[in-house]
Amino acid sequence: MKADPHLQRRLVDLADLDLRLAGLTHRRDALPEQAALDDLQAQRRAGVESAARAGIHVEDLDRAIAKLRSDLEAVRKRRANDSKLLAAGGISERQSTELEYELRSLARREATLRDELAELGERHEAVEADVRHSGAVVTDLDAQIGMAITVRDTALAELEDSVTATIAERAREAEDVPADLLEVYSRSADSAGVGAAILNGNRCSACAMDLDRSTISAFRSAEADEVLNCPECGVIVVRTANS
């Protein structure tokens, strides 16, 4: 294929723009600001889950404490009734002995319940503190997420502006390039990853390979408008004064 040398040189400019677009697209797909936001949102989810677990634990402790208080109240009422019966007199010695034994058992049971209630109360306070801490963490993360979204959106908007400007610049660069030459360029870009590259001395600047003497000799003897391809990577090689 033949093409004006100036048009061939324009292919290198197109390749530079395509590489720039590829870089912008990669940055958009792997935006550091998005990764930072994703990390904060993951931390928030973990914080919400932690707060939910702590909340469920508080509810379990509330039920356990309510049960202990109910049991304690029942023991106290039973002790009070037994004490009244014992103080009133008029019962047999055997009944009196049984009441005294039951009162001692009830006193031990009451002491045990009070200890268990105190222990659960301490655990309840600790878990409530966890709930408050988790809530504070989530609130702080919400603020950080809000700022991270602003930073992400700003970075994304700047990238989109750069992509739009580069696409427009590429369209202007390709405007006068014949369709058949652009098609060859596109095939080269698809297969080699780069559409066109400078032949720098005897080296292809796309694959950085030094071409053999016979190839360089053939390239130098070819007509200026001949479209050449690197035998190593297949990219269109554009000759300059340094080739």
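The values are calculated or read from the model by the stated rules, or taken from the named source; none is laboratory data. Fair warning: this is a prediction, and the values are worked out from it, not measured in the lab. Don't worry about glycine lacking a Cβ; one is built from the backbone with ideal geometry, like all the others, and counts go over all protein chains shown. For accessibility, only protein heavy atoms count, side chains too; no ligands or nucleic acids. Shrake-Rupley method; radii C 1.70, N 1.55, O 1.52, S 1.80 Å.
General observations
- Unique residue being among the hydrophobic types (A, V, I, L, M, F, W, C) and touching an Asp or Glu at 6+ places or on another chain (Cβ under 8 Å) when the list is ALA30, ALA54: ALA54
- Residue list for segment 179-202, restricted to those being more than 14 Å from LEU19 (Cα to Cα) and in a helix (DSSP H, G or I): ALA179, ASP180, LEU181, LEU182, GLU183, VAL184, ARG187, SER191
- Of all residues in segment 203-216, those satisfying the criterion of being open to solvent by 70 Å² or more (accessible area, probe 1.4 Å) and either in contact with a helix residue (DSSP H, G or I) (Cβ under 7 Å, 6 or more places away or on another chain) or not in a loop (DSSP other than H, G, I, E, B) (or both) are ARG203, MET209, ASP210, ARG213, SER214.
- Checking ASP176, ASP130 one by one, the residue that is in contact with a helix residue (DSSP H, G or I) (Cβ under 9 Å, 6 or more places away or on another chain), open to solvent by 70 Å² or more (accessible area, probe 1.4 Å), more than 26 Å from GLY23 (Cα to Cα) and at pLDDT below 95 is ASP130 and no other.
- The residue of segment 1-20 that is farthest from ALA196 (Cα to Cα), among those that are open to solvent by less than 30 Å² (accessible area, probe 1.4 Å) and assigned to a helix (DSSP H, G or I), is LEU17.
- Every residue from segment 112-157 that is among the charged types (D, E, K, R), under 29 Å from the mean Cα position of the chain (by Cα) and farther than 23 Å from ALA36 by Cβ: ASP130, ARG132
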